Amino acid sequence: LVVLGLSAGSCYGFGTFGFDIHHRYSDPVKQILAVDELPAKGSPEYYSAMVHRDTVIKGRRLATANDQTPVTFLDGNETYRLDDLGFLHYANVSIGTPAVSFLVALDTGSDLFWLPCDCSKCVRGLRTSDNQMIEFNIYSLNSSNTSSKVPCSSALCEQQKQCSSPQSNCPYEVLYLSNGTSSTGVLVEDVLHLTTDEDKTKAVEAKITFGCGQTQTGSFLNGAAPNGLFGLGMDNVSVPSTLANENLASNSFSMCFGSDGVGRITFGDRGSSGQGETPFNLRQSQPTYNVSITQVNVGGNTADLDFNAIFDSGTSFTYLNDPAYTLISENFNNFAMEKRHTSNSSGLPFEYCYDLSANQTSFKYPIVNLTMKGGDYFFVNDPIIVISLQGGDVYCLGIVKSDNVNIIGQNFMTGYRIVFDRERMVLGWKASDCYDIEASNTLPVNPPTGVPPAIAVNPEATSGNANNTNISGASPSITSPSRHLKTLFYALTFALIPFFALI
């Protein structure tokens with residue numbers, strides 16, 4: 001797992017720090033954690049399990065120096081979307097003295113960073129399909145020369161009412177709404193090993209406060225964030241806040257979400273010229289990366305619609321309330337060229353899916369674009385999911401109807417370097433492949449012209465679901481042999497969700 005983890009970085013003086021993030025479904029990681037007795041990758045049950053995980057995530061407590069050089073984790077700034085650990089990005093972080101590595105899920109919707117620690121109930125390893133045991137590191141206060149417990153008198157101790165005295169160890173408890181899922185323990189302080197982006201030999205040791213997770217319950221015992229959760233929210237206890245308060249990095253960070261599952265995370269990254277931007281909607285209680293959307297465009301059809309949404313890296317898909325959900329979904333359906341999938345027995349978690357014929361090698365789907373407060377456009381590169389069913393393949397609009405908060409999930413952020421600028425209080429975005437950040441900064445932010453195996457277009461009028469609507473700017477169909485490759489990619493990226501879905 002350490003090998004699969006992300007390269008870490010640290011800050012030297014005033015700088016930026018980054019580390020690679022890995023999606024649990026990416027090629028670098030997917031061969032390690034192949035677990036049996038799970039829904040088949042790419043099956044309806046697989047996606048249903050993913051949506052269930054997202055539902056649980058939404059129950060958590062949502063996040064509550066101008067010339068600095070960006071920094072990252074010591075092991076590098078790559079992150080990975082690991083197939084076998086759910087549709088989330090993971091990074092390898094090094095903590096303590098001597099340094100010990102942990103594979104943690106990265107979550108902009110949470111604040112507290114916690115690790116399994118001297119635990120009575122936690123996940124200590126995973127068994128692979130060939131009966132090999134992959135063991136996780138467990139943090140121990142006694143094993144680190146730089147560790148200390150945080151007293152109740154600390155400003156970061158939020159549960160002082162449970163303390164017997166100011167000198168007592170500060171307890172913490174993170175509660176989740178589903179299945180009695182929680183992490184409890186005490187707050188501790190230790191060294192997070194970072195490095196600068198500019199000079200990987202310049203190591204920086206950042207003293208951070210995190211949760212020593214002595215007891216995990218519910219879904220955490222079934223593999224959800226099995227080796228820790230790295231909160232990236234706005235609260236003072238989060239690592240980005242600590243790095244900024246200690247003048248180790250600017251109060252900003254970025255996450256890049258590559259289409260192949262490999263990404264980047266960099267602390268102190270304040271974005272670049274030409275990026276799109278929109279202000280955060282600040283709320284004094286439980287501040288989040290909440291922004292306003294003023295228009296939606298589906299298939300070339302623009303409608304004014306004012307609603308708020310949270311950009312959350314810990315959620316797989318995009319969740320919207322009405323009227324946004326109905327407006328986007330029904331317009332997508334009006335312009336979709338394939339027949340809508342109507343079977344009630346498929347078990348699909350998505351409402352708007354469309355049948356693909358057995359010999360079909362390409363298809364068109366309507367573009368989905370958002371206009372943010374301030375007027376900048378956010379073009380959704382990959383709004384669809386291809387799923388294999390017994391009766392054939394379907395593609396689905398990757399939006400789920402929400403009954404509370406609106407969330408822009410990872411699927412909508414794919415293909416972008418997203419900047420969470422807490423200093424200027426703006427969200428920034430710029431098209432990127434995540435491999436060469438500097439080079440990718442020059443990529444234009446334009447509507448997608450094609451995404452194998454489909455091409456996103458403003459569709460011309462058809463006799464199918466277009467309702468005789470005449471839309472100009474239609475693009476010709478592009479034949480591509482890679483549709484099933486994309487199906488395989490999504491299948492690989494969604495396996496093992498019941499065990500490893502982040503809660």
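The values are calculated or read from the model by the stated rules, or taken from the named source; none is laboratory data. Being a predicted model, the structure only gives us computed values, none of them experimental. Note: ideal-geometry Cβ built from the backbone for every residue, glycine included; neighbour counts use all protein chains shown. Side chains included, ligands, DNA and RNA excluded: accessible areas come from the protein's heavy atoms. Shrake-Rupley method; radii C 1.70, N 1.55, O 1.52, S 1.80 Å.
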Strands (runs of 3 or more DSSP E) fully within region 71-137 counting 3 or more residues that are modelled with pLDDT under 80 and buried (at least 24 other Cβ atoms within 10 Å of the Cβ): 77-82
Candidate set from region 352-373 (those that are aliphatic (A, V, I, L, M) and open to solvent by less than 10 Å² (accessible area, probe 1.4 Å)); member that is nearest to Glu277 (Cα to Cα): Met372
Single residue of region 138-171 satisfying the filter (under 16 Å from Gly213 (Cβ atoms) and charged (D, E, K, R)) that is least open to solvent (accessible area, probe 1.4 Å): Lys149
Considering residues of region 291-322 that are closer than 13 Å to Leu370 by Cα and not in a strand (DSSP E or B) only, the residue farthest from the chain's Cα centre (by Cα): Gly300
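To keep it simple, each residue is scored yes or no on (1) assigned to a loop (DSSP other than H, G, I, E, B); (2) closer than 30 Å to Asn251 by Cα; (3) of a type outside the set (D, E, K, R).
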site	(1), (2), (3)
Asn359	yes, no, yes
Thr371	no, yes, yes
Gly374	yes, yes, yes
Tyr395	no, no, yes
Glu423	yes, yes, no
Cys434	yes, yes, yes
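Let's see how each residue does on (1) within 30 Å of Met413 (Cα to Cα); (2) in the same structural domain as Gly233 (by the TED database); (3) among the hydrophobic types (A, V, I, L, M, F, W, C):
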position: Ser154; (1), (2), (3): no, yes, no
position: Cys157; (1), (2), (3): no, yes, yes
position: Cys170; (1), (2), (3): no, yes, yes
position: Ser183; (1), (2), (3): yes, yes, no
Test result for Val296, among the aliphatic types (A, V, I, L, M), in the same structural domain as Pro383 (by the TED database) and touching a helix residue (DSSP H, G or I) at 6+ places or on another chain (Cβ under 7 Å): yes
Test result for Glu277, surrounded by 14 or more Cβ atoms within 10 Å (Cβ to Cβ), part of a loop (DSSP other than H, G, I, E, B), touching a strand residue (DSSP E or B) at 6+ places or on another chain (Cβ under 6 Å) and not basic (Lys, Arg): no
Qualifying residues in region 149-175 (those that are hydroxyl-bearing (Ser, Thr, Tyr) and within 19 Å of Thr242 (Cβ to Cβ)) - the one nearest to the chain's Cα centre (by Cα): Tyr172
Any hit, region 232-241, residues being in contact with a Gly (Cβ under 6 Å, 6 or more places away or on another chain), open to solvent by 30 Å² or more (accessible area, probe 1.4 Å), within 23 Å of Leu88 (Cβ to Cβ) and of a type in the set (Gly, Ala, Ser): no
Which listed residue is crowded, with 20+ Cβ neighbours inside 10 Å and over 30 Å from Gln275 (Cβ atoms), from Val394, Val386: Val394
